[in-house]
1. From the set of residues in segment 171-194 that are of a type in the set (Asp, Glu) and buried (at least 16 other Cβ atoms within 10 Å of the Cβ), which is farthest from GLY381 (Cα to Cα)?
2. Report, by residue number, each residue of segment 552-583 that is open to solvent by less than 40 Å² (accessible area, probe 1.4 Å) and either modelled with pLDDT of 50 or more or not in a loop (DSSP other than H, G, I, E, B) (or both).
3. Taking only segment 474-488 into account, find how many residues are open to solvent by less than 30 Å² (accessible area, probe 1.4 Å) and under 19 Å from ASP126 (Cβ atoms).
4. For segment 110-161, which residues satisfy the criterion of being at pLDDT 85 or above and open to solvent by 30 Å² or more (accessible area, probe 1.4 Å)?
5. Please indicate, with yes or no, whether at least one residue in segment 351-359 is open to solvent by 30 Å² or more (accessible area, probe 1.4 Å), within 15 Å of PHE398 (Cβ to Cβ) and either at pLDDT 95 or above or assigned to a loop (DSSP other than H, G, I, E, B) (or both).
6. For the condition within 19 Å of SER347 (Cα to Cα), over 29 Å from the mean Cα position of the chain (by Cα), among the small types (Gly, Ala, Ser) and surrounded by fewer than 20 Cβ atoms within 10 Å (Cβ to Cβ), what is the one hit in GLY392, GLY416, GLY400, GLY407?
7. Just to verify a result, which residue in segment 290-317, among those that are buried (at least 24 other Cβ atoms within 10 Å of the Cβ) and out of contact with any Lys or Arg (no Cβ under 9 Å at 6 or more places or on another chain), is nearest to CYS239 (Cα to Cα)?
Amino acid sequence: MAQDALSSPPARYPMKTNLIITALGVSALALLATPRQAKACGGTFCDAGPTSMPVDQTGEVILFVMGENTTEAHIQVQYDPNTEADAFAWVVPVTELPTFAVGSDRLFDNMLAATVPSYGFSTQVDGCGDDDGNGGGSGSDDGGETGGGGESTGDGGGPTIILEETVGAFDVVALSGGTAEEVMQWLNTNNYQQDPNAEPIFEEYLAEDYIFLAFRLTTGADVSEIHPISLTFPNNEACVPIRLTRIAAVDDMEIRTFFLSENRVVPETYKHVLINPLKLDWPSFASNYKEVITLAVDADEANGRAFVTEFAGSSAFASLSGIYNGAWDSSPFTAIDPVAVVDTLASQGLMSCFDDGGFGTSGSGGSDGTQCRYEHPLLRGLLAQWLVVPDGVEEVDFYGCLSCFEGLIDDAAWDGAAFATAMEERIVEPGAHAVSLLESWPYLTRMYTTISPAEMTADPFFHENPDLAEVDLTNQSATRRILCDNATLWTLPNGEEVYTVNGWPDFDGEMPWEEEVSEISNRGAPLVLSDRTAEIDAALFEHNCAYNFPTPEACGNDPGGADGTGSGGDNGGDNDGGDNGGGDNGDGTGTGGSGGAGQANGGGDGGCGCTTTPRGGGGLLFGLFGVGLLAARRRR
């Protein structure tokens, strides 16, 4: 099977907030030092006891930077704002201590936007040669957007604290040794709520000599200060930890992984799957894509532990816009008069406050029509901590005119040196580093899967393979041809033709969800474990021949038959062209809308057509709903 025939989903992330944040709560990551005896990498335990934890355990996004001797792991998860911020905490098993840093949200935003799988279709209407005034219709053009030293923890033995560190808004403690019961007791004593089901999994990791990293928001930190975390390990292993995650995971939890590297990255310990494009609901812009992915990776040979590839190509596809600006400079804030803070931020392009003329163009409006816009997701949290809005004053009024409220500025809260340090650590340095990553690593890979707790018994590792083709599913298009009998002929990007009447066919149970399942080593072509293309082709042939397509003779039917289902029949029109406007989602993917199918019950000599294809994947990540599309599959 051709390697560029890879699938791409519009995975829905049930976001509960308008920010996408990186953290370790959904399933951070841990990487093994080399050499290793067994495939195991760890996982993240999200508290799931009587008090709900604010980690929305429904999906995750992880970026691995695969160096020759080191691996950087940046983790992005979702936060549930309906729970207490001071309960935001998680535990990550690792085999050795990493170094920690604040990551960049904008890096994730731009990678997601640049690689979002999307698909659309162009519509053609046959001219039926009967100029009776009814005319040939066409669908509307509603193209959518895609858019350290050790310290004993007690007299009774137990785990030893080997590191305590604050990274941005998070406190990190590293624990070594002890029994599973003792580790859980330490976590409980220190207000990390635990689930009793975690104990045997802790035992499993302790038997493999793992260290546990305990993360939580530092005292006084607010939700607005939540930021990405990156961990750098002195090895070249990339692994998504799964095992502890299953305690708090939901069924069919979505995982999207990015890799910056020298070559394309593929699963090492999990399988690789190509989905069957005929199972996608093309008229509705593959609104069933997650279902297709889930059932494809649950197929025989894949057994629930597999990935599909959404993008594999140049990292230059990811824009540098907004990630970093050379004008960002924390040094002026060390000794600045707080009245000048917002003006200085504005001069660096980090913030703007303006009069919108009463139109409410952006931000939150003040009493006089003032709007303030924050050009970095962490800036508002920093201002709220050190330049505190006075009681009874609107935030936008205060920041929009600091001089107007000079007498109300809390001088005790303002600490220019601390503000400058935090700005450097959380905004300037992560942005500069993110840009250097995109400029230093030529290849970007994006993979996706869904997985349920019962399947989270093995951790997926990944490796590079320089012998595989690129994958680009960011702008795929099918053709929808409205025939004179109001039936529809679809031509998919891989060349397959599907004759439809009254909507996209179900294909019943005869059509497999997966086209191919394979294992991929670090060199050469995949080892195909299951190839179901023959079954897919046979089912498609049978479906088309029910309508005598392409011809009765090709189908072995009597060309003189008139059962109303052949190419000359009219079964009441086609419903493929409904209104499918793009929905909102938080995973960085987008859909387009489709116009209604034009009628072709007459009309002029010439056909007409319209285009319903998505535009490129730029713009904001938040609230876009993506759809997957397959690249060309070789014809059988």
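1. Here the answer is GLU182.
2. PRO552, CYS555
3. Here the count works out to 8.
4. Matches in segment 110-161: GLN124, ASP126, THR160.
5. Taking every residue of segment 351-359 in turn, none turns out to be open to solvent by 30 Å² or more (accessible area, probe 1.4 Å), within 15 Å of PHE398 (Cβ to Cβ) and either at pLDDT 95 or above or assigned to a loop (DSSP other than H, G, I, E, B) (or both).
6. Values: GLY392 fails: within 19 Å of SER347 (Cα to Cα); GLY400 fails: surrounded by fewer than 20 Cβ atoms within 10 Å (Cβ to Cβ); GLY407 fails: within 19 Å of SER347 (Cα to Cα).
Answer to the selection: GLY416.
7. Going through the qualifying residues, I end up with VAL308.
Conditions (1) in a loop (DSSP other than H, G, I, E, B); (2) under 30 Å from SER440 (Cα atoms), marked per residue:
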{"site": "LEU260", "(1), (2)": "no, yes"}
{"site": "ASN263", "(1), (2)": "yes, yes"}
{"site": "HIS272", "(1), (2)": "no, yes"}
{"site": "ALA296", "(1), (2)": "no, no"}
{"site": "ALA299", "(1), (2)": "yes, no"}
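The values are calculated or read from the model by the stated rules, or taken from the named source; none is laboratory data. This one's a predicted model, so the numbers in the text were calculated from it and none came from an experiment. Every residue, glycine among them, receives a Cβ derived from its backbone with ideal geometry; neighbour counts consider all protein chains shown. Just so you know, the surface numbers come from the protein's heavy atoms only, side chains and all, with ligands and any DNA or RNA stripped out. Shrake-Rupley method; radii C 1.70, N 1.55, O 1.52, S 1.80 Å.
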